Amino acid sequence: MPVVPVTPEEESWFQARLELTRSLAADEDDGTNSDAPQVAGILFLDLDDVVCLACPFGARDALDAVTAKQVDPERVYERLLHPPAVRVLTQLHTELQGRIRYVISSTWRAFFNRSQLRHVLAQAGLSTVAHCMEDRARWATPVLPEHDRHQEIAAWLALHHHGEPFAVLDDIWSGASLQGSLAPPWRITLCDEDVGVLPRHLVALTRALRTPKGEHEYW
């Protein structure tokens, strides 16, 4: 089979993608995030069935896009997230005047490092989340084998929480264990599968992210 020569444009594209992949794989940031306000509410954010409905693209496609395994990563980013859900989270961020920090509780945290996920979210339309994601020591809940979502969030709170307002945004399947939490129900918002976060969820999310944890409030 004859070898097809690579054009200068193709070589340039390949080198650019290679450099991006190397930098994101290394997760070379310093562990801090100057864009995230220091005194702000904390949103524990799931992704599947909250902002990503996996139709037509899901986590695997996003991982391929950010690791240069997709020929057209921009197409993946363009259609990765559910536009109505993106609008809801953008409105929430605006209503709170940007005073919000994001902790990823999604299973995506097991496959992406922080830099990769920030890049994916920014490219896919959630730059507000990408810019205000918690720093490298706190950006995701711990991955605890044989533990459920409630226990993983509880572990993060035990390590890092200092009484700030917080809310949990999840779906009814992966967040099923949260329904047994002793936290006030308005701190936990569960989306329907294949639907995602809706405008009607804004009231509870806004309230939770403006209300510090009470002295007698349990998680």
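The values are calculated or read from the model by the stated rules, or taken from the named source; none is laboratory data. Keep in mind that this is a model prediction, so the values were computed, not measured. When we count neighbours, we look across all protein chains shown, and the Cβ atoms used for this are built from the backbone with ideal geometry, even at glycine.
List, please: which pairs have Cβ atoms under 9 Å, are six or more places apart or on different chains, and start with a residue in the stretch 161-181 that is without any contact (Cβ under 8 Å) to a residue 24 or more places away in the chain and end with one that is of a type in the set (Val, Ile, Thr) and assigned to a loop (DSSP other than H, G, I, E, B)?
If the second residue must be of a type in the set (Val, Ile, Thr) and assigned to a loop (DSSP other than H, G, I, E, B), the pairs left are Gln179/Ile172.
Tell me, which residue of the stretch 127-141 that is among the aliphatic types (A, V, I, L, M) and in contact with a strand residue (DSSP E or B) (Cβ under 9 Å, 6 or more places away or on another chain) is surrounded by the fewest Cβ atoms within 10 Å (Cβ to Cβ)? Reasoning before the result, please.
Filtering the stretch 127-141 for residues among the aliphatic types (A, V, I, L, M) gives 129-130, 133, 137, 140.
After this cut, where a residue has to be in contact with a strand residue (DSSP E or B) (Cβ under 9 Å, 6 or more places away or on another chain) as well, the list is 129-130, 133, 140.
Working: Val129: 25, Ala130: 21, Met133: 25, Ala140: 25.
Of everything passing the filter in the stretch 127-141, Ala130 is surrounded by the fewest Cβ atoms within 10 Å (Cβ to Cβ).
Is it fair to say Glu146 is charged (D, E, K, R), surrounded by fewer than 16 Cβ atoms within 10 Å (Cβ to Cβ) and either farther than 27 Å from Thr211 by Cα or at pLDDT below 95 (or both)? Spell out how you get there, then give the answer.
Working: charged (D, E, K, R): yes; surrounded by fewer than 16 Cβ atoms within 10 Å (Cβ to Cβ): yes; either farther than 27 Å from Thr211 by Cα or at pLDDT below 95 (or both): yes.
Yes; evaluated as a whole, the condition is true for this residue.
With the condition kept exactly as written, say whether any residue in the stretch 182-203 is assigned to a helix (DSSP H, G or I) and under 12 Å from Leu45 (Cα atoms).
Of the stretch 182-203, the ones assigned to a helix (DSSP H, G or I) are 185-187, 199-203.
Then keep just the ones that are under 12 Å from Leu45 (Cα atoms); that gives none.
Looking through the stretch 182-203, none of the residues is assigned to a helix (DSSP H, G or I) and under 12 Å from Leu45 (Cα atoms).
Filter the stretch 169-181 down to the residues that are assigned to a helix (DSSP H, G or I) and polar (S, T, N, Q), then identify the one that is surrounded by the most Cβ atoms within 10 Å (Cβ to Cβ). If you could, list the steps in order and put the result at the bottom.
Filtering the stretch 169-181 down to residues assigned to a helix (DSSP H, G or I) leaves 176-180.
From the residues that got through so far, the ones that are polar (S, T, N, Q) too are 177, 179.
Working: Ser177: 15, Gln179: 11.
Per the criteria, the residue is Ser177.
Within the stretch 81-139, can you find the residues that are small (Gly, Ala, Ser) and within 19 Å of Val197 (Cβ to Cβ)? Before you say what the answer is, go through the steps one by one.
Here is the first cut: in the stretch 81-139, the ones small (Gly, Ala, Ser) are 85, 98, 105-106, 110, 115, 122, 124-125, 127, 130, 137.
Result: Ala85, Gly98, Ser105, Ser106, Ala122, Ala124, Gly125, Ser127, Ala130.
Being polar (S, T, N, Q), touching a helix residue (DSSP H, G or I) at 6+ places or on another chain (Cβ under 9 Å) and under 25 Å from His162 (Cβ atoms) is the filter here; which residues of the stretch 95-138 pass it?
So in the stretch 95-138, the residues polar (S, T, N, Q) come out as 97, 105-107, 113, 115-116, 123, 127-128.
Pick out the ones that are also touching a helix residue (DSSP H, G or I) at 6+ places or on another chain (Cβ under 9 Å) and you get 105-107, 113, 115-116, 123, 127-128.
Answer for the stretch 95-138, where residues must be polar (S, T, N, Q), touching a helix residue (DSSP H, G or I) at 6+ places or on another chain (Cβ under 9 Å) and under 25 Å from His162 (Cβ atoms): Ser105, Ser106, Thr128.
All but one of (1) in a loop (DSSP other than H, G, I, E, B); (2) surrounded by fewer than 20 Cβ atoms within 10 Å (Cβ to Cβ) hold for Phe112; which doesn't?
Among (1) in a loop (DSSP other than H, G, I, E, B); (2) surrounded by fewer than 20 Cβ atoms within 10 Å (Cβ to Cβ), the lone unmet condition for Phe112 is (2).
Please specify each residue of the stretch 67-109 satisfying the condition of being β-branched (Val, Ile, Thr) and surrounded by fewer than 18 Cβ atoms within 10 Å (Cβ to Cβ). Spell out the reasoning first.
Our first condition is that a residue be β-branched (Val, Ile, Thr); within the stretch 67-109, this holds for 67, 71, 76, 86, 88, 90, 94, 100, 103-104, 107.
Within the stretch 67-109, Thr67, Val71, Thr90, Thr94, Thr107 qualify.
If Asp64 satisfies every condition in (1) surrounded by 15 or more Cβ atoms within 10 Å (Cβ to Cβ); (2) touching a residue at least 40 places away in the same chain (Cβ under 8 Å) but one, which is the exception?
For Asp64, the exception is condition (2).
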